[in-house]
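Asker: After the C-alpha cells below, expect a handful of questions from me.
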Amino acid sequence: MDKAEILKKLNDIFINTLDNADIVLKMETTAADIEEWDSLRHIMLVVEIEKTMKTKFTSKEITKFKNVGDIVNSIEAKK
Amino acid sequence: MSMFHFHHTGLLVKDINSTIEFYKNTFGFTEVSEIFQITNQKVKVCFIKNGTDSFLELVMPEEENEAMYKMLEKKVNYYHVGYKVDDFDQALKTLEEGTILLNTFNSEAFDGKRCAFVYSREMHLIEIIEK
C-alpha cells in the first residue's frame, strides 16, 4: 500500500470518526486545520486507524505525530 | 499483587460547591479536601472520602476549558478512575503496550507529584498518580 492509498483510507477514517464529510486530508494537515480534531478525538482516531489498518502504534509514536504525513509514514514503515 | 492501587473516581461537575453539599447532605460524606486549582489541566478539583482509601474527585473545568465543557454538555459525568503507584516510571512502562499516553503533569492536588492520563483502546480514561 503506497502513501496515496494510506492517505485515502485515513481520509475515510477521519470523516467517520470526526463526523465531518468535508474533510480532505493532505500530508501536511494538522489538528489546527480541523476543528473537531481535539486531544480526545486524536485518541479516537488513533484507535480507529489501528483497527482499520491492522497496525499498532506506541505511545511514543503517537505523541510524535505532528501532522497527517507523520501518521501515513508510520503506517507505511510498518507494512 | 498489582502495582496499581485504586484512589478515586473522577466526576465532572459544573458547580463544585453545590456538588460537595449534595454528597455531604445526601450521603453523609463529610470528609472533604480543600479545593485545588490544577493549572496545567485548567480545572479545579477536590476529593470527597467515600470509603477506606477511596475518594470521589470532583473536577470543575475553568471557563476556557472548552474540551471539558463539551464533555459536560454531552452528559459525560463519570469520566476517569485514578490509581496511585509507588514507581511512576515503571507504571508508565508497564502501560506503554496496552494504553495510549495522553499527557503527564505535576499536580497541585498531590503535592506536585507526577500524574499521567492514559486511554485504554476502549476509550477508558485512567489517571496514574505517583505516591
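Asker: Condition first: within 13 Å of chain B (Cβ to nearest Cβ) and of a type outside the set (D, E, K, R). Now tell me which residues in region A:29-51 satisfy that.
Answerer: The first filter runs over region A:29-51 and keeps only residues within 13 Å of chain B (Cβ to nearest Cβ), leaving A:31, A:35-51.
A:Ala31, A:Trp37, A:Ser39, A:Leu40, A:His42, A:Ile43, A:Met44, A:Leu45, A:Val46, A:Val47, A:Ile49 - these are the residues of region A:29-51 that are within 13 Å of chain B (Cβ to nearest Cβ) and of a type outside the set (D, E, K, R).
Asker: Moving to a separate point now. State yes or no: is B:Thr94 within 14 Å of another protein chain (Cβ to nearest Cβ) and not in a strand (DSSP E or B)? Steps first, please.
Answerer: On the way: within 14 Å of another protein chain (Cβ to nearest Cβ): yes; not in a strand (DSSP E or B): yes.
So B:Thr94 passes the test.
Asker: On to the next question. From (1) under 28 Å from B:Tyr69 (Cβ atoms); (2) without any contact (Cβ under 8 Å) to a residue 12 or more places away in the chain, pick out the condition that doesn't hold for A:Ala77.
Answerer: Every listed condition holds for A:Ala77 apart from (1).
Asker: Tell me, which residue of region A:29-57 that is assigned to a helix (DSSP H, G or I) and touching a residue at least 24 places away in the same chain (Cβ under 8 Å) is farthest from B:Met68 (Cα to Cα)? Spell out how you get there, then give the answer.
Answerer: We begin by selecting, within region A:29-57, every residue assigned to a helix (DSSP H, G or I); these are A:31-33, A:39-53.
Add one more test, that the residue is touching a residue at least 24 places away in the same chain (Cβ under 8 Å), and what stays is A:41, A:44-45, A:48-49, A:52-53.
Values: A:Arg41: 13, A:Met44: 16, A:Leu45: 18, A:Glu48: 22, A:Ile49: 24, A:Thr52: 28, A:Met53: 30 Å.
Out of the qualifying residues, it is A:Met53.
Asker: Still on this structure: Which of the residues that make up region B:60-78 are loosely packed, with under 13 Cβ neighbours inside 10 Å, at pLDDT 85 or above and part of a helix (DSSP H, G or I)?
Answerer: B:Glu73
Asker: Just to be sure, is B:Leu92 over 14 Å from the mean Cα position of the chain (by Cα) and over 27 Å from A:Thr58 (Cβ atoms)? Steps first, answer last, please.
Answerer: Values: over 14 Å from the mean Cα position of the chain (by Cα): yes; over 27 Å from A:Thr58 (Cβ atoms): no.
No; evaluated as a whole, the condition is false for this residue.
Asker: Further question on the same structure: Of the residues that sit in region B:79-91 and are closer than 23 Å to B:Ser54 by Cβ and within 14 Å of another protein chain (Cβ to nearest Cβ), which one is surrounded by the fewest Cβ atoms within 10 Å (Cβ to Cβ)?
Answerer: So the first thing to find is which residues in region B:79-91 are closer than 23 Å to B:Ser54 by Cβ, and the list is B:79-88, B:91.
Subset that is within 14 Å of another protein chain (Cβ to nearest Cβ): B:79-80, B:91.
Values: B:Tyr79: 15, B:His80: 18, B:Ala91: 20.
Restricting to residues being closer than 23 Å to B:Ser54 by Cβ and within 14 Å of another protein chain (Cβ to nearest Cβ), the top hit is B:Tyr79.
Asker: Would you mind finding the one in A:Lys26, A:Lys66, A:Lys60 that is within 14 Å of chain B (Cβ to nearest Cβ) and either part of a loop (DSSP other than H, G, I, E, B) or modelled with pLDDT under 95 (or both)?
Answerer: A:Lys60 is the lone residue from the list that is within 14 Å of chain B (Cβ to nearest Cβ) and either part of a loop (DSSP other than H, G, I, E, B) or modelled with pLDDT under 95 (or both).
Asker: While we're on this one: Pull out all pairs, ordered by first then second residue, where Cβ-Cβ is under 7 Å, the residues are six or more apart or on different chains, the first lies in region B:98-113 and is within 14 Å of chain A (Cβ to nearest Cβ) and under 27 Å from A:Thr58 (Cβ atoms), and the second is of a type outside the set (Gly, Ala, Ser) and part of a loop (DSSP other than H, G, I, E, B).
Answerer: B:Phe105/B:Asn40; B:Phe105/B:Gln41
Asker: So in region A:40-79, with the set limited to residues that are among the small types (Gly, Ala, Ser) and over 13 Å from the mean Cα position of the chain (by Cα), which one is surrounded by the fewest Cβ atoms within 10 Å (Cβ to Cβ)? Talk me through it step by step, then tell me what you get.
Answerer: Pass one, region A:40-79, residues among the small types (Gly, Ala, Ser): A:59, A:69, A:74, A:77.
Checking the rest, the ones that are also over 13 Å from the mean Cα position of the chain (by Cα) come to A:59, A:77.
Details: A:Ser59: 19, A:Ala77: 9.
Among residues in region A:40-79 that are among the small types (Gly, Ala, Ser) and over 13 Å from the mean Cα position of the chain (by Cα), the one surrounded by the fewest Cβ atoms within 10 Å (Cβ to Cβ) is A:Ala77.
The values are calculated or read from the model by the stated rules, or taken from the named source; none is laboratory data. Bear in mind the structure is a predicted one, so any value in this text is a computation, not a measurement. Backbone-built Cβ (ideal geometry, glycine too); neighbour counts: all protein chains shown.
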